[in-house]
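J.: Submitted below is the structure of interest, expressed as structure tokens.
The values are calculated or read from the model by the stated rules, or taken from the named source; none is laboratory data. What you see is a predicted model; the values in this text were computed from it and never measured. Neighbour counts run over all protein chains shown; Cβ positions are idealised from the backbone, glycine included. Only protein heavy atoms, including side chains, enter the accessible area calculation; ligands, DNA and RNA are left aside. Shrake-Rupley method; radii C 1.70, N 1.55, O 1.52, S 1.80 Å.
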Amino acid sequence: MADGTTGSGLPASPRRFPSSGRWGRFFQPALFFFLLALLAGLLVGLYVPPRWTVEKISLDVSEDAHGRLFYVLEGSRTYVDDPVPIEASVLSRERIRAHNGAGDSPGATEQYVWEPGRVDGEPARLYFHLVAKRHWGFWSLLPAVVAVGLCWITREPLMSLLGGILVGALMLGRYDVTDAVFVENFATKNAAGVLLLYLWLLGGLLGVWSRTGAAQAFAELMTRKFVRGPRTAKLVAWSLGVIFFQGGTVSTVLVGTTVKPLADKEGVSHEELAYIVDSTASPIASQLAFNAWPGYIQAFIFVAGVSWLATEALRIRFFFMSVPFCFYAIFAVTFTFLLSLEKSPFLGRRMRAAIKRARETGQLDHPDAEPLAAKELHISHVPEGYTPHVIDFFAPLLLLIGIAIGTFLFKGSPQVRWAFAAALLLAMALALVRGMRLKTLVEGLTDGLKGVVLGSVILLLAVTIGNISKDTGGGIYLVELLGDRVPYWALPVMLQMLTIVIAFSTGTSWGTYAVAFPLAMPLAWAVAQANELAHPMFFMTICFATVMDGSVYGDQCSPISDTTVLSSMCCGCDLMDHVRTQIPQATVAALLAAICWTAVTVVFC
């Protein structure tokens, strides 16, 4: 229109890459950026030798009945075979320094070592796991920078992730990208689990619900009984996020798929819903940590000679002691609650525009949005003669929740694939018993698979770029960059910033914990001793909380994170719309947390 608006009254969207003449298409910013990054990746791989560094991980070692040394990692025994004195190790500092000077690689990448020390005042051997890792300096961040940068420029996550993967493959010398990168990453248990859960099981369940009208029946019931508008719809989403505190993918998928039909009916924008779902996943899991998190993290925080971290039970206790100081998680959950009440003290410009658009025009997505869930899944396709009923929704959902929580209680971790498989089978059985033809049911199942193909592929690529970023050593480089000459009052925020960058560039909080905690906890102890702090345990608790929360923030805001992709997919939101609208609120929460950590450290340590 002449006044620069669309027919709906919204501002007309500018063309993404205006071009002039027939040569304009060759000078688009995204293409130029990508080609430059490809060239840089190739040159780095060919001419820049990697720098090797050694991670020294303290081990809480015990003896079995046969006298063999072992430690517990992720619930399983790992044996310490043939430990050598640290000065005789092939990974000693002197030997690694010599390898870096010569530009070659060490003869081994990991080794168990010991050195004399004291435990509870008594002489003892202290055991460590030395792991050699390589990085290319600041170039190690190039694959993640390319993927994230292209996402921001083009709003096309599929091609952006592929671009980052290709650049990383060139850096690593994996020129046979199909076999050395894609087949190697896709032919894994993790990739198979992604396809099984998020393509076949989740897609199939959503497709069956689309045919039976189950989600719409649930939305209509909730509207009659409880929900009276966007505010109460968002409160339902927030409450379910708290209830499903297992965190990560479990919370994201359960809350997103449950609440979306209700929120759609009440005119809640998909950006709002995705933000609530994402911000009540990992932040809640770190606060209500009756899940797999403490058992996983405790293995990385053992520090020799620190009495309150001496045993697994003490380390888990230390984890729960840190919960009140996970200020980012507290602020993030509080902000989403206030957003649900429509009393938020701060909203970014894009989020305010999304809320206004949804309330005034009924458009739940931006006009240029490309939701990760296909439009076919947003509406019902109930066949003639079939009457939707809430039993089609509640029975599979309750079975899903029951199996997820039950397996968590009895096995220690929720068996999400079991839960979704059982829910899908029950949904199909109910549809057939209630009179739906098998052919119609299979059509719904097929439509469901088609509807989540794009999201599943993006999720696989996000996992792949995360692995590439780990292989190029971006996190290792950042850890090495931090060093140990840090003022004690600045260390908590520096650890927060470090873990934010690592998690944002790798798309994983748990992977960041494995990289950062073995550095952060010994460093916090050393800084506390060097500064003769009156309360070293409290100081280490604050540093622990900053690593926890920095990783959660980076993971939550990263466009290559699995939970970010799943939040977008399950809420029917455009991936980059979700990223752009949630970052301002999350950043304010992170800044407030940084202020609190610094103040508490200065006043009480």
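J.: Among the residues in segment 134-141, are any part of a strand (DSSP E or B) and closer than 30 Å to Phe300 by Cα?
T.: Filtering segment 134-141 down to residues part of a strand (DSSP E or B) leaves 134-135.
Cutting the leftovers down to closer than 30 Å to Phe300 by Cα gives us 134-135.
So far as segment 134-141 goes, yes, one or more of its residues are part of a strand (DSSP E or B) and closer than 30 Å to Phe300 by Cα.
J.: Give Lys189, Lys225 a once-over and let me know the one that is charged (D, E, K, R), at pLDDT below 90 and over 30 Å from Tyr296 (Cα atoms).
T.: On the way: Lys189 fails: over 30 Å from Tyr296 (Cα atoms).
Answer to the check: Lys225.
J.: Kindly evaluate Glu443 against the criterion of being under 21 Å from Met171 (Cα atoms), touching a Lys or Arg at 6+ places or on another chain (Cβ under 9 Å) and open to solvent by 30 Å² or more (accessible area, probe 1.4 Å). Talk me through it step by step, then tell me what you get.
T.: Values: under 21 Å from Met171 (Cα atoms): no; touching a Lys or Arg at 6+ places or on another chain (Cβ under 9 Å): yes; open to solvent by 30 Å² or more (accessible area, probe 1.4 Å): yes.
When the stated conditions are applied, Glu443 does not pass them.
J.: Let me ask another. If Ala108 passes every condition in (1) at pLDDT 90 or above; (2) of a type in the set (A, V, I, L, M, F, W, C); (3) surrounded by 11 or more Cβ atoms within 10 Å (Cβ to Cβ) but one, which one does it miss?
T.: Failing condition for Ala108: (1).
J.: Something else now. Suppose we keep only residues that are of a type in the set (D, E, K, R) and in contact with a helix residue (DSSP H, G or I) (Cβ under 8 Å, 6 or more places away or on another chain) within segment 401-446. Which one would you say is nearest to Ala192 (Cα to Cα)?
T.: So in segment 401-446, the residues of a type in the set (D, E, K, R) come out as 411, 417, 434, 437, 439, 443.
With in contact with a helix residue (DSSP H, G or I) (Cβ under 8 Å, 6 or more places away or on another chain) added as a condition, the list becomes 417, 434, 443.
Details: Arg417: 11, Arg434: 33, Glu443: 24 Å.
Among residues in segment 401-446 that are of a type in the set (D, E, K, R) and in contact with a helix residue (DSSP H, G or I) (Cβ under 8 Å, 6 or more places away or on another chain), the one nearest to Ala192 (Cα to Cα) is Arg417.
J.: Further question on the same structure: Quick one: how many residues across segment 71-101 are surrounded by 14 or more Cβ atoms within 10 Å (Cβ to Cβ), free of Cβ contacts under 8 Å to residues at least 24 places away in the same chain and assigned to a helix (DSSP H, G or I)?
T.: Selection size over segment 71-101: 1.
J.: What single numbered condition from (1) assigned to a helix (DSSP H, G or I); (2) surrounded by fewer than 21 Cβ atoms within 10 Å (Cβ to Cβ) fails to hold for Arg118?
T.: Condition (1) is where Arg118 drops out.
J.: Let me ask something additional. Please verify whether Ile476 is touching a strand residue (DSSP E or B) at 6+ places or on another chain (Cβ under 6 Å), open to solvent by 10 Å² or more (accessible area, probe 1.4 Å) and in a helix (DSSP H, G or I), treating the condition exactly as stated.
T.: On the way: touching a strand residue (DSSP E or B) at 6+ places or on another chain (Cβ under 6 Å): yes; open to solvent by 10 Å² or more (accessible area, probe 1.4 Å): yes; in a helix (DSSP H, G or I): yes.
In short, yes.
J.: Now, a different point. State which residue is farthest from Thr407 (Cα to Cα) when the search covers only segment 290-319 and only residues that are assigned to a helix (DSSP H, G or I) and among the small types (Gly, Ala, Ser). Give the derivation first.
T.: Initial filter on segment 290-319 (assigned to a helix (DSSP H, G or I)): 293-300, 307-309, 312-319.
Of the ones still in play, those that are also among the small types (Gly, Ala, Ser) are 295, 299, 307, 313.
On the way: Gly295: 16, Ala299: 23, Ser307: 34, Ala313: 22 Å.
Of everything passing the filter in segment 290-319, Ser307 is farthest from Thr407 (Cα to Cα).
Condition check ((1) touching an Asp or Glu at 6+ places or on another chain (Cβ under 8 Å); (2) among the aliphatic types (A, V, I, L, M)) across all residues:
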| site | (1), (2) |
| --- | --- |
| Val255 | no, yes |
| Gly267 | no, no |
| Glu271 | yes, no |
| Tyr328 | yes, no |
| Ala332 | no, yes |
| Ser344 | no, no |
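J.: Looking at segment 193-203, is at least one residue more than 23 Å from Phe394 (Cα to Cα) and either among the hydrophobic types (A, V, I, L, M, F, W, C) or not in a helix (DSSP H, G or I) (or both)? Before the answer, list the steps.
T.: Residues of segment 193-203 more than 23 Å from Phe394 (Cα to Cα): 193-195.
Filter once more, so that each one left must be either among the hydrophobic types (A, V, I, L, M, F, W, C) or not in a helix (DSSP H, G or I) (or both): 194-195.
Taking every residue of segment 193-203 in turn, at least one turns out to be more than 23 Å from Phe394 (Cα to Cα) and either among the hydrophobic types (A, V, I, L, M, F, W, C) or not in a helix (DSSP H, G or I) (or both).
J.: Which residue out of Met159, Met171 is in contact (Cβ under 8 Å) with a residue 12 or more places away in the chain and part of a helix (DSSP H, G or I)?
T.: Details: Met159 fails: in contact (Cβ under 8 Å) with a residue 12 or more places away in the chain.
Going through Met159, Met171 in turn, just one is in contact (Cβ under 8 Å) with a residue 12 or more places away in the chain and part of a helix (DSSP H, G or I): Met171.
J.: Moving on. Is it fair to say Phe331 is within 25 Å of the chain's Cα centre (by Cα) and either modelled with pLDDT of 90 or more or under 20 Å from Leu566 (Cβ atoms) (or both)?
T.: Numbers: within 25 Å of the chain's Cα centre (by Cα): yes; either modelled with pLDDT of 90 or more or under 20 Å from Leu566 (Cβ atoms) (or both): yes.
When the stated conditions are applied, Phe331 passes them.
J.: Does Ala404 satisfy the criteria of being assigned to a helix (DSSP H, G or I), farther than 16 Å from Ser251 by Cα and either aromatic (Phe, Trp, Tyr) or open to solvent by less than 60 Å² (accessible area, probe 1.4 Å) (or both)?
T.: Numbers: assigned to a helix (DSSP H, G or I): yes; farther than 16 Å from Ser251 by Cα: no; either aromatic (Phe, Trp, Tyr) or open to solvent by less than 60 Å² (accessible area, probe 1.4 Å) (or both): yes.
It is false that Ala404 is assigned to a helix (DSSP H, G or I), farther than 16 Å from Ser251 by Cα and either aromatic (Phe, Trp, Tyr) or open to solvent by less than 60 Å² (accessible area, probe 1.4 Å) (or both).
J.: Follow-up. Which residue is surrounded by the most Cβ atoms within 10 Å (Cβ to Cβ), if the candidates are limited to segment 521-567 and must be touching an Asp or Glu at 6+ places or on another chain (Cβ under 7 Å) and part of a helix (DSSP H, G or I)?
T.: Ser567
J.: For a quick check of your reading of the model, give me the residue pairs whose first member lies in segment 385-406 and is closer than 11 Å to Ala214 by Cβ, whose second is surrounded by 20 or more Cβ atoms within 10 Å (Cβ to Cβ) and acidic (Asp, Glu), with beta-carbon atoms closer than 8 Å and at least 6 apart or on different chains.
T.: none
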